[in-house]
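What follows is a short report on a single structure.
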Amino acid sequence: MEIEFDQLRAGTVHFRLVEEEDAAFICGLRNNPVLNKHISQSSAVVDEQRAWIKTYKNRENLGQEYYFIICRNDNNLPVGTIRLYDFQLNPKKSFCWGSWILNENKPRFAAIESALLVYKFAFEQLKFEQSHFDVRKENTGVHNFHMRLGAQHIDGNELDNFYIYPSSKYYEILNEYQKFLG
């Protein structure tokens with residue numbers, strides 16, 4: 001299947017695949033105490049991040065995972081990251097997404113646009129049937145965001161809430177949210 005990465009553009013942001021040169025930017029995001037409250041810890045060492053990206057690129061080449069830099073459309077500056085991973089084929093063709101961080105330079109609608117681009121890519125191009133993901137329990141803003149889009153809260157533990165988001169829900173809300181995709 002030919003993947004069209006150039007179609008990953010919304011009204012104010014677009015995605016590009018991560019490269020080793022993005023290691024310092026990613027470390028800056030993931031180790032910013034304002035931005036990293038609700039994400040897993042990662043190394044602040046740029047060379048370790050670069051090495052992780054290098055191994056990730058092998059998974060990308062195999063179509064097992066996709067890690068994107070979220071960039072502004074007006075000046076092409078990076079403002080965040082987002083990743084699709086944990087591809088499952090049974091019982092449904094499902095993917096997880098996360099590593100979703102947006103910095104203070106993001107455009108106003110970057111959150112909704114980047115979420116819609118993830119679903120557009122996964123459901124329209126990769127033909128997934130649903131998404132499965134988790135959100136830290138204390139991250140109520142992101143929980144509410146996903147619920148507004150129609151996610152289904154299915155379970156939880158002490159730390160996380162677990163959700164699924166069927167492709168049918170994406171297609172159901174698409175008319176209402178199309179304006180964000182440009």
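Here are some notes:
- All conditions in (1) in contact with a Phe, Trp or Tyr (Cβ under 9 Å, 6 or more places away or on another chain); (2) crowded, with 21+ Cβ neighbours inside 10 Å hold for Val79, with the sole exception of (1).
- Just one of the listed residues (Tyr163, Tyr177, Tyr171) is under 19 Å from Trp100 (Cβ atoms) and surrounded by fewer than 17 Cβ atoms within 10 Å (Cβ to Cβ), namely Tyr177.
- Filtered residues of the stretch 129-160 (kept if in a strand (DSSP E or B) and either open to solvent by 40 Å² or more (accessible area, probe 1.4 Å) or closer than 25 Å to Asn73 by Cβ (or both)): Ser131, Asp134, Arg136, Gln152, His153, Ile154, Asp155
- Residue count for the stretch 110-128 under the criterion of being open to solvent by 10 Å² or more (accessible area, probe 1.4 Å) and either under 18 Å from Gln7 (Cβ atoms) or touching a Lys or Arg at 6+ places or on another chain (Cβ under 8 Å) (or both): the result is 7.
The values are calculated or read from the model by the stated rules, or taken from the named source; none is laboratory data. Keep in mind the model is a prediction, meaning the values are calculated, not measured. Methodologically, a virtual Cβ is constructed for each residue, glycine included, from the backbone with ideal geometry; neighbour enumeration extends over all protein chains shown. These area figures cover heavy atoms from the full protein model, side chains too; ligands, DNA and RNA do not enter into them. Shrake-Rupley method; radii C 1.70, N 1.55, O 1.52, S 1.80 Å.
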